[in-house]
Amino acid sequence: MLYFAHDCTKREPTIAGRRGTKAPKTVRHPDTSEKQASLEVFGTIKQVFPSTTFSVELENGHSILAHIAGRLRRHRIKILPGDRVDLEMSPYDLTKGRIIYRYRAGEARRS
C-alpha cells in the first residue's frame, strides 16, 4: 500500500494500462526433437567476401558460402584465407554454412 501526502488514503499501485490481473499468456515453442540436427564439417577458407562472408572448401572438395557465428563476431576472431575452420551446416541447404571455430596454426582438429 502506498500513502499519498495530499489525501492520506491507501491506494494499490497499478501498472499503466492494466486494470485487472490476468494470467500471463504462455508461449508454446516447437518441440526441438522434430528439428534435424545440424551437420558439423571441416574446411579451409579460400576467399573472403564483404560482410563477413567466406568461400570455404570442404574436405570432400565442395565449396560453400559461410558466415561467422555470433560468438566469433563478439570476440572479434579474425579469419583469413588459408585458415582451417569448423562449419555448421543445415541439412535443408547444403550450400550455406556458419563458421563456429577457427583453428590456430598447428592446432590439431577437435573430435
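The values are calculated or read from the model by the stated rules, or taken from the named source; none is laboratory data. Values in this document were obtained by computation on a predicted structure and should not be read as measured data. For neighbour counting, all protein chains shown are included, and Cβ atoms are generated from backbone atoms with ideal geometry for every residue, glycine included.
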* **First in region 29-45 and aromatic (Phe, Trp, Tyr), second anywhere and at pLDDT 85 or above and not in a helix (DSSP H, G or I), Cβ under 8 Å, 6 or more apart** => PHE42/LEU58; PHE42/GLU59; PHE42/ARG84; PHE42/VAL85; PHE42/ASP86; PHE42/LEU87
* For region 41-50, does any single residue satisfy the condition of being assigned to a loop (DSSP other than H, G, I, E, B) and at pLDDT 85 or above? -> yes
* Asked: Going through region 67-84 one residue at a time, which ones are under 11 Å from PHE54 (Cα atoms) and not in a loop (DSSP other than H, G, I, E, B)?
  -> HIS67, ILE68
* Test: ARG104 is at pLDDT below 90, over 11 Å from PHE42 (Cα atoms), basic (Lys, Arg) and part of a loop (DSSP other than H, G, I, E, B) -> yes
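Just name the residue that is modelled with the lowest pLDDT out of those in region 57-88 that are among the β-branched types (Val, Ile, Thr) and closer than 18 Å to ALA105 by Cβ.
Ranking the candidates gives ILE77 first.
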